[in-house]
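The values are calculated or read from the model by the stated rules, or taken from the named source; none is laboratory data. Model, not experiment: these values are computed from the prediction. Here the Cβ positions follow ideal geometry from the backbone for every residue, glycine too, while neighbour counts run over all protein chains shown.
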Amino acid sequence: MSVHTPKSIVIVGGGTAGWMAANLIIHAWPTTQVTLVESADVGIIGVGEGATPYLKTFFARLGINEEEWMPACDATYKVGINFENWSGRQGFKDYFHPFFCALDKPTADMFFHNCQVKRHGGQSHTNPGDFFISGELARQKINPALSAKALSEGIQEIDYAYHFDSAKLGHFLKLKACQKGLTHIIDNVTDVISHLSGDIEKVVTENHGDLGAELFIDCTGFRARLIHQTLKRNYVSYADSLLNNAAVAIQTPNDSNLKLEVQTRSIALSNGWMWKIPLTSRQGNGYVYSDHHISPNDAEQELRQQLNIDENADVRVKHLSMRIGRLGEHWHKNCLAVGLSQGFIEPLEATALMLTQLTVDQFIQQFDNAAQPLDNKRNTFNKQLNTTFDGVRDYIAAHYQLSKRDDTQYWRDNQFNKATPAIFAELKQAWLSRQDFEQSLSKHAQGLVYLRPSWYCIFAGMGAFPENLKPVNNIAPVEQALNYAQKIAQSYFKN
Ligand SMILES: Cc1cc2nc3c(=O)[nH]c(=O)nc-3n(C[C@H](O)[C@H](O)[C@H](O)COP(=O)(O)OP(=O)(O)OC[C@H]3O[C@@H](n4cnc5c(N)ncnc54)[C@H](O)[C@@H]3O)c2cc1C
């Protein structure tokens with residue numbers, strides 16, 4: 001069977017998802033006619049400032065270097081996330097979830113060893129940030145891009161991600177796509193017309209007539225104009241295990257006296273958590289909360305207090321609601337949903353754009369797979385993507401269900417939540433009852449998105465260990481790990 005490249009694609013929606021999809025598609029299928037229509041009346045969501053290391057592959061694939069896109073998007077480097085006030089256990093006030101790299105190998109092994117010691121009744125040092133290079137980079141605010149010296153020595157690049165202004169990123173990607181021949185239309189899609197087969201025939205716009213295509217990509221955000229409103233594909237809700245469903249965001253100026261952080265800060269508050277994201281131009285802040293537990297107004301006031309902003313001060317405040325869950329079918333008939341239209345897992349680990357990119361990458365891969373009939377490709381694709389979404393959900397839910405905070409009804413509802421995702425329930429059981437945790441991780445390897453180091457970090461960082469600890473001797477010395485990380489941090493990076 002020969003590979004069929006789509007002749008034409010219409011993307012509806014010009015948020016980050018629409019523009020990322022457009023660029024990846026033009027890159028993969030340069031002969032396809034791509035049109036993107038976005039509404040001037042319906043804005044973009046305009047938040048989403050943190051990424052995972054996967055985003056590096058997006059820019060690398062498109063041949064766009066950091067020197068070009070980072071200044072255009074006020075971007076900064078990100079080496080991980082610092083979780084503050086999450087645990088509720090004495091001695092575990094905060095912990096760092098690092099991005100990992102090959103250089104971590106010796107000290108990461110010490111960390112895993114110490115965790116095992118503690119799980120089996122010993123006392124040992126298990127603060128994740130002390131065993132990984134990115135922990136040291138975050139403490140010293142060192143950018144993770146390797147220096148010329150490190151490159152000349154053949155040091156392998158470390159994994160890192162970025163923070164950026166999402167509106168500027170969208171604009172940057174729009175220019176790139178338009179330069180490569182994309183047709184950009186600003187208009188409202190008012191109707192979607194389907195063939196009897198159920199495939200979409202065309203979308204109807206207010207001022208630009210009907211737009212027909214072979215494939216349609218729904219990037220209309222939470223509205224899901226094509227995939228949900230027209231094709232009636234339903235959502236699988238994650239609301240039972242993830243209680244947050246709203247957010248409020250406020251931007252603040254940077255303190256010019258301070259060096260920029262290279263980490264996201266995630267600070268647990270009374271009924272959710274707040275993000276603090278450093279950009280070169282400003283700081284992004286927001287409070288993600290459950291509106292069943294706190295009103296939007298009280299959440300805003302709590303966020304203002306955290307930011308030392310007077311309750312009457314005139315600042316731009318953005319209130320958002322979030323639908324937490326995923327579609328059962330992300331690719332149905334000739335329509336693919338990408339971005340918020342396909343689902344959203346709250347932004348605790350900043351995974352949305354990773355899922356967006358993965359969706360388009362896997363779609364292109366499946367579509368180009370000549371060996372499979374279309375129905376099989378769709379089924380495989382939907383199944384894989386659902387597993388990935390569920391895997392991210394599992395790790396996010398773990399943050400809430402491992403916390404011992406009980407100072408508000410919100411934290412008690414999380415701590416005693418019976419809706420524990422199955423894989424996380426098994427990992428937790430294995431970890432806390434001193435079963436073979438490695439075996440448990442291997443058993444679920446197919447369903448895990450977050451891998452071994454991340455699971456060790458979250459259990460250890462939260463201080464979730466079996467009870468009744470007693471002293472044992474064979475502990476890996478943390479001083480040795482810290483010395484190693486400090487030596488690398490000072491030798492291999494640009495500043
Ligand atoms: C509180 C919060 C924090 C977040 N933080 C992160 C983060 O740290 N990291 C991360 O990766 N992600 C994060 N996200 C998710 C991220 O913001 C989104 O994944 C990203 O912005 C992509 O959104 P989108 O393009 O799918 O939708 P939107 O930005 O909502 O864009 C929708 C587009 O569809 C168009 N449209 C809608 N209806 C029509 C119509 N009828 N006709 C024509 N056009 C139409 C609109 O004009 C718009 O262009 C966060 C989300 C929230 C809610």
Practice item. Filter the stretch 46-68 down to the residues that are under 14 Å from the mean Cα position of the chain (by Cα) and either without any contact (Cβ under 8 Å) to a residue 40 or more places away in the chain or not in a helix (DSSP H, G or I) (or both), then identify the one that is farthest from the ligand (Cβ to nearest atom). Key: P53
Exercise for review: Name every residue in the stretch 360-378 that is among the polar types (S, T, N, Q), surrounded by 17 or more Cβ atoms within 10 Å (Cβ to Cβ) and either over 20 Å from the mean Cα position of the chain (by Cα) or not in a helix (DSSP H, G or I) (or both), in order of residue number.
Suggested key: Q366
Revision key, fill the gap. Filter the stretch 282-301 for residues that are more than 17 Å from S321 (Cβ to Cβ) and either aliphatic (A, V, I, L, M) or within 22 Å of the chain's Cα centre (by Cα) (or both); the one that is nearest to the ligand (Cβ to nearest atom) is G284
Check your understanding: Pairs, please: C-beta under 6 Å, at least 6 apart or cross-chain, first residue touching a residue at least 12 places away in the same chain (Cβ under 8 Å) and in the stretch 451-468, second among the hydroxyl-bearing types (S, T, Y) and not in a loop (DSSP other than H, G, I, E, B)?
Key -> G461/Y95
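Before we move on, is G88 under 20 Å from I458 (Cα atoms) and in contact with a His (Cβ under 6 Å, 6 or more places away or on another chain)?
Working: under 20 Å from I458 (Cα atoms): yes; in contact with a His (Cβ under 6 Å, 6 or more places away or on another chain): no.
Here the answer is no, as G88 does not meet what is asked.
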**Study point:** All positions within the stretch 163-197 that are surrounded by 14 or more Cβ atoms within 10 Å (Cβ to Cβ) and near the ligand (Cβ under 10 Å from one of its atoms)
**Key:** H163, F164, S166, A167, L169, G170, I185, I186, D187, N188, V189, V192
Check your understanding: Which condition breaks for I217 when tested against (1) under 20 Å from the mean Cα position of the chain (by Cα); (2) within 15 Å of the ligand (Cβ to nearest atom); (3) surrounded by 19 or more Cβ atoms within 10 Å (Cβ to Cβ); (4) among the hydrophobic types (A, V, I, L, M, F, W, C)?
Key -> (1)
Exercise for review: Tell me which residues, restricted to the stretch 379-416, are farther than 28 Å from R89 by Cβ and either over 24 Å from the mean Cα position of the chain (by Cα) or at pLDDT below 95 (or both).
Suggested key: N379
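Restricting attention to the stretch 140-162, which residues are modelled with pLDDT of 95 or more and buried (at least 17 other Cβ atoms within 10 Å of the Cβ)?
To start, the set of residues in the stretch 140-162 that are modelled with pLDDT of 95 or more comprises 140-144, 160-162.
Within the stretch 140-162, I142, P144, Y160, A161, Y162 meet the criteria.
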Check your understanding: Any residue in the stretch 261-272 that is in contact with a helix residue (DSSP H, G or I) (Cβ under 7 Å, 6 or more places away or on another chain) and surrounded by fewer than 19 Cβ atoms within 10 Å (Cβ to Cβ)?
Key -> yes
Check your understanding: Being within 10 Å of the ligand (Cβ to nearest atom) and in a helix (DSSP H, G or I), is that true of even one residue in the stretch 20-39?
Key -> yes
Exercise for review: Name the residue, out of L320, L340, that is within 15 Å of the ligand (Cβ to nearest atom) and buried (at least 17 other Cβ atoms within 10 Å of the Cβ).
Suggested key: L340
